[in-house]
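To start, the structure under review is shown below, and the notes come after it.
The values are calculated or read from the model by the stated rules, or taken from the named source; none is laboratory data. Fair warning: this is a prediction, and the values are worked out from it, not measured in the lab. Quick reminder, even Gly has a Cβ in these numbers, built from the backbone with ideal geometry, and neighbours come from all protein chains shown. Protein only, heavy atoms only, side chains kept; ligands, DNA and RNA dropped before computing areas. Shrake-Rupley method; radii C 1.70, N 1.55, O 1.52, S 1.80 Å.
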Amino acid sequence: MKNKKKSEGKIKSKDKCGCAVSCESEEIIKGFSHQGKQYVIPLLQKVQEQDGYISEETMDLVSEKLGVPVSQVYAITTFYSYFRLQPIGKHLVRPCRGTACHVKGSKRIIEKIKEHLDLKGDIDTTADNQFTVAPVACLGTCGLAPVMMIGNNVYGNLNEENAGKIIDRLKS
Amino acid sequence: MIKKGTKIYIGMATCGLAAGGQEVYDSFVSKLGKKESNVQLIPTGCIGVCSREVIVDVEVPGMNRVTYEKVKPEMVEKIISEHLEKDQPVNEWVFGQSGDKKVYPGIEMYQDLPMFKNQVRIVLRNCGSIDPDKIEDYINAGGYKAIKKALKMGQSAVIAEITKAGLRGRGGAGFPTGKKWDIALQQKSGQKYFICNADEGDPGAFMNRSTLEGDPHAVIEGLIIGGYAIGASKGYIYCRAEYPLAVKRLHLALEQAREKGFLGKKILGSDFDFDITVKEGAGAFVCGEETALIASIEGERGMPRPRPPYPAQSGLWGKPTNINNVETLANIPYIINEGGEKFASFGTEKSKGTKVFAITGKIKNTGLVEVPMGITINDMIYKVAGGMATKKKFKAIQVGGPSGGCVTAALGDTKIDYESLVSVGAIMGSGGAVVLDEGNCMVDTARFFLEFTKSESCGKCAPCRLGISQMLSILNRICEGKGKPEDKVALVQIAETVKGASLCGLGQTSPNPVITTLRYFEKEYDEHINEKKCKAGICAELLRFEVDETICKKCGICVKQCPAQAIQGGAKTLAKIDKSKCTKCRKCIEACPFCAIY
Ligand SMILES: Cc1cc2nc3c(=O)[nH]c(=O)nc-3n(C[C@H](O)[C@H](O)[C@H](O)COP(=O)(O)O)c2cc1C
Ligand code: FES
């Protein structure tokens, strides 16, 4: 499939200089031209697209740049499920657990995916940092349920067998 | 020879792409090679038959437009050599034809297919037939005429037309749109806002996504007309972040509308200034609620606040604000162009027009349908959606998402309109309809929705925060085989409290899935609680891998399905499962048409 998300593959937990905010993100924040709390969500979204997650340092930088208390930035980051506080693996796997997918057995498929990647309990990222599994509440492609999204690509008509195979194809 | 001006439309909305639309597109490009100069390849939105994607339409000049279904890259070569070069469609892959040009023999017309015969397309009028990335396509299809007309009509006349149409909000509650606009117009304020609610939080629904991806300009035009009617100068579209393609198309469409002078200062030479900004949500269901949505745009945690004051009085940044759903707005240009009366000729006395449903689950044609209000549930399932997908029987339909209810198959004659759905315990909601068969457990379904609302409750008010958790823990217990007879009473009591005492619609409606499943499927609760049985074979802790001999019809299907050869019987003898061989793969449970294995 084409139109791969540009950030895919670039995601990393720390950048080369060892900061928890990548140089690219730092530039995004520094170059942001607005101020005020209504820009917290858009700016955090830009950073997360780049880094894959929001670090404490990111929150500090955003707070400083927008002139919003860091407590407010933290409040927003933790309220919205879109924001992640932990780094993610190279591939973000988002199996759907929405209604249409649920009634077609997504629960067992998600279990299978986690089993396949040897993810136990609450752990969502593989030890080699290749995959993060984060279920979502509906990808809007319910007509092809059960569905999962990897990067920006959607895979439909999943079953307990093919889900693992699709993931294997991405293994490097 | 390929005729000059031949057009190929390829379904490339999210569903189409997920089914491989890009590969099919690429295959056309490479297989056409040099011949491509005679052909126009057009990526398009979705006509609504997601289960049959990738959809490809071929239109040879002078001939009707032919639709192919489930197209794979391997099929492209034959379509080119037969249909494009010799004008002989590959009938075996064809789904139907449409248009008023020359008809191909042996291919059904769209309007004769049961699926389309029972639909009325107002909102989806352009979806799948125009290129959403080209404003010219929308204009050629009659787009942006309504805004010109509206500017001439004047604000009050526009609102009067919408009122005459009887249009009610498609975002859930069904508030009359004309009345809402009128209240907003009456507010005296130098600054007003108009927001389009594209948060589409119902997990299992995608009407708004498809509309935005397939015909973004229709929503934008509706929003501009709305902004004009109430006297707003600034519009917002609040779109789910999970819909990257819709967001992208919106940005592009807005840019084009600005270039053409439909947005910006002094629109079309009038005194009306209006511009629109897209705001991406961040994954909170409650942000679909209007006051929470406003808080979210302002950069707060998306928590609802008590109303009044209503957003019309004090909304975004304290200014009068009108909020409408995507589908509500997509209806507006049609109403202005065709008149309120024409619109009101569809539907029932109190519910006018059409409703788009994302119909999914255990039916054949999953996808998007637009039906006139007042159609029955059965007609929607059997006539429009092609009936059930498996041999299992239709059990219930879930309408309205987490705020809605499960309507039993026995009430299949219920009409789909705002009042009738409420009378059976469901709501119209935004248009999610999930069809369940005998292989779905109703207790598990209720639990599923509560898991969702529990995680989405913002936690501000106690009845919602604590009540949903309590109900969920009882349901978990029942599904695990630890249910007690008094659990049913407790569920009802908590449900009533949460319904009556919660702050916003999320809490108030969250018990609906529990209340309706208890009302229509009490026996199933009893089986779980007293017999520790889940006859649908869903609740993992209750699975026994046994055959109910009173139900087994000795058809032998399970015997064939079992990969471990653990089942004996079939052809006139009752099935029997050898537990020492059974691997608990569940294939037999899924295959049994009668749900005899649990
Ligand atoms: C919990 C909750 C979630 C909602 N989600 C949505 C939604 O996703 N989309 C929507 O248009 N309206 C949603 N609504 C309804 C909105 O509050 C509001 O009534 C609607 O956007 C008004 O538009 P309409 O008059 O065009 O229907 C939701 C309401 C509640 C209580
Ligand atoms: S429920 Fe899974 S994509 Fe909508």
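Peptides B:6-19, B:202-215, B:361-374, A:85-98 ranked from most to least packed, by the mean per-residue count of other Cβ atoms within 10 Å: B:202-215, B:6-19, B:361-374, A:85-98. Accessible area per residue was computed with a 1.4 Å probe on protein heavy atoms; B:Arg307 scores about 110 Å².
With the charge dipole of the protein assembly as shown set up from +1 on Lys and Arg Cβ and -1 on Asp and Glu Cβ about the Cα centre, the Cα lying farthest toward the positive end among the listed residues B:Gly405, B:Tyr525, A:Pro42 is that of B:Tyr525.
Based on the Cβ-Cβ distance from B:Asp413 to B:Lys102, what FRET efficiency comes out when R0 is 56 Å, to the nearest 0.05? My answer for the efficiency is 0.85.
Post the alpha-carbon centroid distance, the stretch B:456-499 to the stretch B:34-55, in whole angstrom. For the stretch B:456-499 versus the stretch B:34-55, the Cα centre distance is 48 Å.
I'd like the FRET efficiency for A:Glu115 and B:Gln561, computed as 1/(1 + (r/R0)^6) with the beta carbon distance as r and R0 of 25 Å, rounded to 0.05. About 0.65, to the nearest 0.05. Percent of Cα pairs in the stretch B:490-590 per distance bin of 5 Å, from zero to the largest separation: 2, 11, 17, 16, 13, 10, 9, 7, 7, 5, 3, 0. Each Lys and Arg contributes +1 and each Asp and Glu -1, all at the Cβ; summed about the Cα centre of the stretch B:1-87, the dipole is approximately 200 debye. Using alpha-carbon positions, what is the distance between the centroids of the stretch A:58-135 and the stretch B:266-309, in Å? About 26 Å separates the Cα centre of the stretch A:58-135 from the one of the stretch B:266-309. Close amide H contacts of B:Gly361 (hydrogens built in the peptide plane, cut-off under 5 Å, sequence separation of 5 or more or a different chain): B:Val435. Based on Cα contacts under 8 Å between residues 6+ apart, chain B shows a relative contact order of 11 percent. The residues of the protein assembly as shown expose on average 39 square angstrom of accessible surface per residue, using a 1.4 Å probe on protein heavy atoms. A:Val70 exposes around 70 Å² of accessible area when a 1.4 Å probe is run over every protein chain in place. I need the helices of chain B that pass two filters: whole DSSP H segments spanning 18 Å or more by Cα along the axis, and mean Kyte-Doolittle score no lower than -1.0. Span-like helices here: B:216-230, B:244-259, B:326-338, B:442-456, B:462-479, B:487-501. Quick check: from the Cα gyration tensor, does the protein assembly as shown come out rounded (a/c under 1.5), prolate or oblate? Note, shape of the protein assembly as shown comes out rounded. Association of chains B and A removes close to 3700 square angstrom of accessible area from solvent, both sides included, for a probe radius of 1.4 Å.
Both numbers refer to the Cα atoms of chain B; Rg and Dmax are 25.9, 82 Å. By definition, a body whose alpha carbon gyration tensor gives a ≥ b ≥ c is oblate when a/c is 1.5 or more and a/b is not larger than b/c, and the stretch B:124-207 fits this oblate description. Computed about the Cα centre, the dipole magnitude for chain B is approximately 420 debye when only Lys and Arg (+1) and Asp and Glu (-1) carry charge, each at its Cβ. Taking the protein heavy atoms of the stretch B:255-389 in the context of the full set of protein chains, the accessible area attributed to carbon and sulfur is 48 percent at 1.4 Å.
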